[in-house]
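Read-outs throughout are calculated quantities, based only on the coordinates presented, and are distinct from any laboratory measurement. Everything numeric here is computed off the predicted structure, so don't read it as measured data. Cβ atoms come from the backbone with ideal geometry, glycine included; neighbour counts cover every protein chain shown.
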Amino acid sequence: MSNLQNLRQQIDKTDKQLLKVLAKRFALTKKVGEYKKEHDLKPQDRKRERQIFIQRKKWAKELGLDSVLVTRIFRLIIRKVCQNHREIKNEK
């Protein structure tokens with residue numbers, strides 16, 4: 001096996017791990033959405049979102065990652081989480 005193939009296999013393995021972590025994150029945020037529904041809280045929490053962006057940017061810099069990219073990724077994640085929370089809130 002070539003070095004390139006080996007590297008690509010490692011990338012594939014890492015991508016799968018990333019997706020597993022993302023699935024875990026969405027499972028946890030689903031529980032948050034259910035909690036918000038039970039306690040009649042708004043689906044979106046702008047204060048929490050600001051805290052997330054500040055902390056994730058800091059972590060990105062500590063890890064040598066592009067903070068703009070990390071912010072974009074988390075914007076997408078949070079947008080989907082808020083959508084999921086609205087759907088949960090509207091369930092009967």
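Listed values, structure above:
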item	result
Search result, residues across region 5-64 that are hydrophobic (A, V, I, L, M, F, W, C), under 19 Å from K89 (Cα atoms) and within 15 Å of the chain's Cα centre (by Cα)	F26, A27, L28, V32
Residue match in region 30-53 (condition: under 24 Å from E87 (Cα atoms), part of a helix (DSSP H, G or I), touching a residue at least 24 places away in the same chain (Cβ under 8 Å) and polar (S, T, N, Q))	no
Check on A27, free of Cβ contacts under 8 Å to residues at least 12 places away in the same chain, of a type in the set (G, A, S) and surrounded by 14 or more Cβ atoms within 10 Å (Cβ to Cβ)	no
Of all residues making up region 54-71, the number that are without any contact (Cβ under 8 Å) to a residue 12 or more places away in the chain and part of a helix (DSSP H, G or I)	10
Check on L22, surrounded by 11 or more Cβ atoms within 10 Å (Cβ to Cβ) and not in a helix (DSSP H, G or I)	no
Scan of region 54-72 for residues that are within 21 Å of C82 (Cβ to Cβ) and surrounded by 14 or more Cβ atoms within 10 Å (Cβ to Cβ), ordered by number	R56, K57, V70, T71
